[in-house]
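Below is one structure, written out as structure tokens; the observations come after it.
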Amino acid sequence: MKLKVLIADKFPDKYIQELKDLGLEVIYEPKLGEKDLPKAAEDVDILVVRSTIVNEETINSSKTLNLIIRAGSGVNNIAIQAANKKGIYVANCPGMNAVAVAELTMGLMIALDRFIPDNVSDFNNGIWNKDKYSKGKGLKGKTLGLIGVGNIGKEVAKRALAFEMNVYGKDISRIEGVPIKDFSEMDKLLELCDVVSIHLPATPLTKGLFNKQMFSCMKNGAYLINTSRHDIIVEEDLLEAIKEKNIRYACDVFKGEPEGKSGEVKSILQGNPNIYVTHHIGASTEQAQDAVAQETINIIKHFVHSGVIDHWVNRAKQIDVKYQLVVKHFDKPGVLASVLDIIKDANINIEEIENIIFEGGIAACCTMKLRSPASADMIKKMRELPNILSVSHVEL
Ligand code: 3PG
């Protein structure tokens, strides 16, 4: 039976053909939205989305869903907790659109400094205003603070250095997995910066990070750019900071962004001369879409051919195990089952298990991560089983 893949967002044609060539049944429905997905994804094996929301209902009503691929970087549009409960893999394509987002960031930086959108709009309205628009500060020699120095932050740094800016960065990787907001040096960094650019994922740690307190640390007249996620900014506090400190803001993301590709839009950021908003197009260049689509194909290919999930984001980061049992054995039917019986009789839970085979297919090695220790008696029983080469047990 063919594996079914549903692509519920825009995806380049040539890559759809590549999937068909792999022998998969491909359903391409780029117009599907959050509400359509529970029905549409009911009996598919692999679901590919960009920003279309995969909610809990979609995950709970799926019967065969095994892998969700976010053809992009942020996975905050996928109900990962629900996927965790059903053992559905979630993967993304990190870094593939980093250059495109960095390019937009530089575009927004120049737009803020040279008032490009206002220039264009006045011209189209028949207004000539060389005097008003000749007040750019210039970026050379200015200080840029990158908040988040992952794939995108690094690409922005390269480009800003070519513009001869002084580039500082605040990396959050040191605090990932630790439930604290360690942005302790931000106050020192923000007061130095003429331009601040945010490149963080949306997580509970980054939600509302740019609030009144952070804005109070920023320089008067500084530029703030957000091409990452809207949740990081408290928009009401930003509007206050714009009034009080003449901060100029450009972003590609905002609260209330429509799910669809066209339609009406409403935001408290509208109509403010110090704010430029683009239409969440950071990743939408031909180059980035090709790179993301190619990576999506690579993930599917690898999964279909070897069961391995590249860029698997919902694998448990820390598991509660203290013991490891390694059993080397002849690769014959029933050998492992007898070992597992001994573990089962002792009521010990195996958290992770991997069995690999040595070249030639005669010997194999099974590594198990256990929550509680195997007793000396259990190990003795295992060693006495037929076709066992060795048994070792260590505390991790
Ligand atoms: C991402 O997370 O990759 C970007 O926000 C792009 O989103 P998009 O694929 O919906 O344009």
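Please go through the range 43-65 and pick out each residue that is among the β-branched types (Val, Ile, Thr), away from the ligand (no atom under 16 Å from the Cβ) and not in a loop (DSSP other than H, G, I, E, B).
Of all residues in the range 43-65, those among the β-branched types (Val, Ile, Thr) come to 44, 46, 48-49, 52-54, 58-59, 64.
Checking the rest, the ones that are also away from the ligand (no atom under 16 Å from the Cβ) come to 44, 46, 58-59, 64.
Those that are among the β-branched types (Val, Ile, Thr), away from the ligand (no atom under 16 Å from the Cβ) and not in a loop (DSSP other than H, G, I, E, B): Ile46, Thr58, Ile59.
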Mind checking which residues of the range 71-106 are part of a helix (DSSP H, G or I) and within 16 Å of the ligand (Cβ to nearest atom)? Ile80, Ala98, Val99, Ala100, Val101, Ala102, Glu103, Leu104, Thr105
Residue hits (the range 205-260; within 16 Å of the ligand (Cβ to nearest atom) and of a type in the set (Val, Ile, Thr)) are Thr206, Ile225, Thr227, Ile232, Ile233, Val253
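What tally of residues in the range 207-249 results from selecting those that are of a type in the set (Gly, Ala, Ser) and within 22 Å of the chain's Cα centre (by Cα)? Write out each step before concluding.
Step one: list which residues in the range 207-249 are of a type in the set (Gly, Ala, Ser), which gives 208, 216, 221-222, 228, 241.
Now drop any that are not within 22 Å of the chain's Cα centre (by Cα), which leaves 208, 228.
Result for the range 207-249: 2.
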Determine the pairs where a residue that is without any contact (Cβ under 8 Å) to a residue 24 or more places away in the chain, located within the range 341-352, has a partner that is of a type in the set (Ser, Thr, Tyr) and surrounded by 14 or more Cβ atoms within 10 Å (Cβ to Cβ) with Cβ atoms under 8 Å apart, the partner being 6 or more residues away or on another chain. none
Might you let me know whether the range 11-27 holds any residue that is within 23 Å of His305 (Cβ to Cβ), within 16 Å of the ligand (Cβ to nearest atom) and without any contact (Cβ under 8 Å) to a residue 60 or more places away in the chain? no
Can you run down the residue pairs with Cβ atoms below 9 Å, 6 or more apart or on separate chains, where the first is in the range 200-218 and touching a residue at least 40 places away in the same chain (Cβ under 8 Å) and the partner is of a type in the set (Ser, Thr, Tyr)? Leu200/Thr206; Leu200/Ser228; Pro201/Ser73; Pro201/Ser228; Ala202/Ser228
Return yes or no: is Ser228 in contact with a strand residue (DSSP E or B) (Cβ under 8 Å, 6 or more places away or on another chain) and in a loop (DSSP other than H, G, I, E, B)? yes
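Looking at the range 274-322, which of the residues that are among the hydroxyl-bearing types (Ser, Thr, Tyr) and at pLDDT 95 or above is farthest from the ligand (Cβ to nearest atom)? Give the steps one after another, and end with the answer.
Our first condition is that a residue be among the hydroxyl-bearing types (Ser, Thr, Tyr); within the range 274-322, this holds for 276, 278, 284-285, 296, 306.
Now drop any that are not at pLDDT 95 or above, which leaves 276, 278, 285, 296.
Values: Tyr276: 18, Thr278: 11, Thr285: 10, Thr296: 11 Å.
That would be Tyr276.
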I want to confirm something. Restricting to the range 128-152 and keeping residues that are open to solvent by 80 Å² or more (accessible area, probe 1.4 Å) and of a type outside the set (Lys, Arg), which single residue is nearest to Leu108 (Cα to Cα)? Asn151
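Only one residue in Ile16, Ile59, Ile27 is open to solvent by 40 Å² or more (accessible area, probe 1.4 Å) and aliphatic (A, V, I, L, M), so which one is that? Lay out the reasoning, then the answer.
Numbers: Ile16 fails: open to solvent by 40 Å² or more (accessible area, probe 1.4 Å); Ile59 fails: open to solvent by 40 Å² or more (accessible area, probe 1.4 Å).
So the residue among Ile16, Ile59, Ile27 that is open to solvent by 40 Å² or more (accessible area, probe 1.4 Å) and aliphatic (A, V, I, L, M) is Ile27.
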Could you say which residue among Phe123, Phe115 is assigned by TED's automatic domain parsing to the domain that holds Cys217, over 19 Å from Asn272 (Cβ atoms) and open to solvent by 20 Å² or more (accessible area, probe 1.4 Å)? Phe123
So which pairs qualify, if the first residue must be in the range 265-292 and on the phi < 0 side of the Ramachandran plot, the second must be open to solvent by 50 Å² or more (accessible area, probe 1.4 Å) and charged (D, E, K, R), the Cβ gap must be under 7 Å, and the two must be at least 6 apart or on different chains? Ser267/Lys255
Kindly list the number of the only condition in (1) touching a residue at least 24 places away in the same chain (Cβ under 8 Å); (2) within 16 Å of the ligand (Cβ to nearest atom); (3) open to solvent by less than 40 Å² (accessible area, probe 1.4 Å) that fails for Ile68. (1)
From the residues in the range 159-215 that are modelled with pLDDT of 90 or more and charged (D, E, K, R), which one is least open to solvent (accessible area, probe 1.4 Å)? Asp194
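The values are calculated or read from the model by the stated rules, or taken from the named source; none is laboratory data. Computed from a predicted structure; not experimentally measured. So basically every Cβ, Gly included, is an ideal-geometry build from the backbone, and we count neighbours across all protein chains shown. Each accessible area value is taken on the protein alone, full model and side chains, heavy atoms only, with ligands, DNA and RNA left out. Shrake-Rupley method; radii C 1.70, N 1.55, O 1.52, S 1.80 Å.
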